[in-house]
Ligand code: G2I
């Protein structure tokens with residue numbers, strides 16, 4: 001059950017904000033400090049949103065930089081430190097030092113963290129760039145599993161897959177070594193990420209997807225619609241929104257945000273910068289986000305113009321000397337003028353996700369369980385979805401017979417008895433109540449080979 005997972009994941013943030021009245025999915029990001037209304041983060045939090053920035057780890061020793069970071073922002077994205085080349089420089093050898101430093105800086109100050117990014121055609125480590133086929137697919141899934149597991153409980157959202165669509169008029173996928181492993185590589189990555197960190201929101205992130213009429217925007221939209229229809233675990237779409245003369249802000253941006261939100265995903269502006277930093281364009285972007293209930297946050301791609309990957313375009317909210325630009329004032333005013341969404345964002349009523357029907361439909365009071373497996377050589381992660389029948393559940397038991405040689409090594413979101421042969425799984429405190437027709441998920445990791453698993457479910 002999606003809302004249960006968000007509530008569990010956001011408990012700490014809700015406690016920090018002390019604002020039980022905030023919609024649960026929004027409260028995930030909202031940490032309202034005492035100076036509400038006078039900084040970007042505080043003003044966004046008042047509207048149930050976050051305001052974040054990309055952070056470069058090596059700048060954390062620059063006090064002018066950290067003074068602004070700590071004062072203004074309540075969400076942080078590592079600019080480069082969580083990318084594949086940074087976190088797995090040699091195959092199977094993971095390196096988290098620089099990313100951990102950013103995460104610790106943020107979380108120790110009450111800021112949340114967006115993870116960027118688990119799978120991308122760019123910034124791959126050398127060993128991965130030269131891989132292909134099933135070896136690459138396995139390596140990618142292992143990377144997703146390992147990195148999402150390392151940061152489990154520490155990031156509120158992951159850019160699971162970044163920039164997988166082609167520019168231009170095709171509306172199709174970008175060619176890459178990952179794409180050539182098969183068109184299902186994106187959904188495989190999402191399933192692996194869900195299994196590894198069931199509490200994180202899972203996002204697809206891309207650029208030049210701001211203009212609703214563009215083929216690329218429509219291509220991503222169709223993929224997200226398809227994922228929602230088939231029960232692929234996607235929770236959010238990130239719009240990088242690098243606006244410049246070649247790719248300018250357009251007035252249908254709000255239509256883009258609201259159209260994606262209507263598919264039942266959150267939308268987030270993830271890498272905002274605007275060539276020349278027009279105050280009125282920044283204001284429009286903020287107003288567009290605030291107009292869409294499921295637009296739950298904005299991240300700018302750097303703090304001062306000198307921190308920008310496009311420094312010569314002076315696209316950010318602070319001058320290189322750290323002073324506020326007119327765009328800053330426009331953003332703060334727009335945040336303070338904005339309205340708070342009154343209705344908690346909820347998924348629109350759609351048919352329940354259609355995982356392959358491996359168990360018969362339940363009778364009244366029953367439940368079904370389906371499993372998706374990510375297998376690599378010597379181990380696998382299983383993500384189990386429990387769906388209530390026509391009556392609500394107040395507790396559930398799933399039984400899974402593991403083939404010989406398979407041994408569970410760790411599990412999340414369920415109690416387990418047995419780690420080989422016949423294993424029984426029961427709900428934990430927060431996911432036993434499942435509404436009629438609703439679902440919840442748990443997962444486990446195991447050594448060995450999964451084969452085809454046939455879980456059974458009963459109410460208790
Ligand atoms: O290119 C802008 C952004 C587009 N969307 C995805 C983002 O991840 C991307 O961020 C940029 C960073 O801002 C740059 O800082 O991604 C670039 C490529 O990963 C980053 O540039 C790299 C340089 O290519 C490296 O040579 C350099 O070592 O930054 C590295 C660290 O400074």
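Each value in this text was obtained by applying a stated rule to the coordinates, not by laboratory testing. Since we're looking at a predicted model, the values are computed, not measured. Positions of Cβ are generated from backbone atoms using ideal geometry, with glycine treated the same way; all protein chains shown enter the neighbour counts.
Please determine, in degrees from 0 to 90 and to the nearest 10, the orientation of helix 279-290 with respect to the longest principal axis defined by the Cα atoms of the chain, where the helix direction is its Cα long axis.
30
Starting from the Cα coordinates of segment 71-111, work out the convex hull volume and express it per residue in Å³.
60
I need 422, 117, 255, 149 ordered by Cβ neighbour count within 10 Å, fewest first.
The most exposed by this proxy come first: 422, 255, 149, 117.
Can you tell me the orientation of helix 133-150 relative to the chain, as the angle in degrees between its alpha-carbon axis and the longest Cα principal axis, to the nearest 10?
70
Could you please rank 127, 158, placing first whichever residue has the fewest other Cβ atoms within 10 Å of its Cβ?
Fewest to most other Cβ atoms nearby, the residues stand as 127, 158.
With the crude spin-label approximation of a point 7 Å out along Cα→Cβ, what separation in nm comes out for residue 323 versus residue 101?
For the pair residue 323/residue 101, the computed spacing is 3.1 nm.
Using only the Cα atoms of segment 185-304, build the gyration tensor, take square roots of its eigenvalues as a ≥ b ≥ c, and label the shape rounded, prolate or oblate: rounded if a/c is under 1.5, else prolate if a/b is larger than b/c, else oblate.
Prolate shape, in that a/c is at least 1.5 and a/b is the bigger ratio.
Roughly how far apart, in whole Å, are the Cα centres of segment 396-460 and segment 163-211?
A separation of 28 Å, based on Cα centres.
Grab the Cα-Cα distance for residue 416 and residue 109, subtract it from 0.36 nm times how many residues apart they are, and report the gain in nm with one decimal.
Contour length minus Cα-Cα distance gives 107.0 nm.
Is segment 118-259 best put as rounded, prolate or oblate by its Cα gyration tensor, with a ≥ b ≥ c the root eigenvalues, rounded for a/c under 1.5, and otherwise prolate when a/b is larger than b/c, oblate when not?
Cα axes put segment 118-259 in the prolate bin.
Given R₀ = 25 Å, what would the calculated FRET efficiency be for residue 309 paired with residue 67, taking r from the Cβ atoms and rounding to 0.05?
In this case the efficiency is close to 0.70.
Got the relative contact order for the chain handy, in percent, Cα pairs under 8 Å and 6 or more residues apart?
13 percent.
Would you work out if segment 71-182 is rounded, prolate or oblate? Take a ≥ b ≥ c from the square roots of the eigenvalues of the alpha-carbon gyration tensor; rounded if a/c is under 1.5, else prolate when a/b is larger than b/c, oblate otherwise.
Because a/c hits 1.5 or more and a/b fails to exceed b/c, segment 71-182 counts as oblate.
For the Cα atoms of the chain, what angle does the longest principal axis make with the long axis of helix 97-107, in degrees from 0 to 90, nearest 10?
80
Would you calculate a helix-derived [θ] at 222 nm for the chain, using -39,500 (n - 2.57) for each DSSP H run of n ≥ 4 and dividing by the full residue count, to the nearest 500?
Dividing the helical sum by the residues of the chain leaves -8500 deg cm²/dmol.
What are the semi-axes of the equivalent ellipsoid for the chain, taken as the square roots of 5 times the Cα gyration tensor eigenvalues, largest first, in whole Å?
36, 24, 21
From Cα coordinates alone, what are the radius of gyration and Dmax values for segment 189-236 in angstrom?
Gyration radius and largest Cα-Cα distance of segment 189-236: 11.9, 36 Å.
Alpha carbon centre of segment 51-116 versus segment 136-162: separation in Å?
16
Which order results if 159, 62 are arranged by neighbouring Cβ count within 10 Å, fewest first?
62, 159
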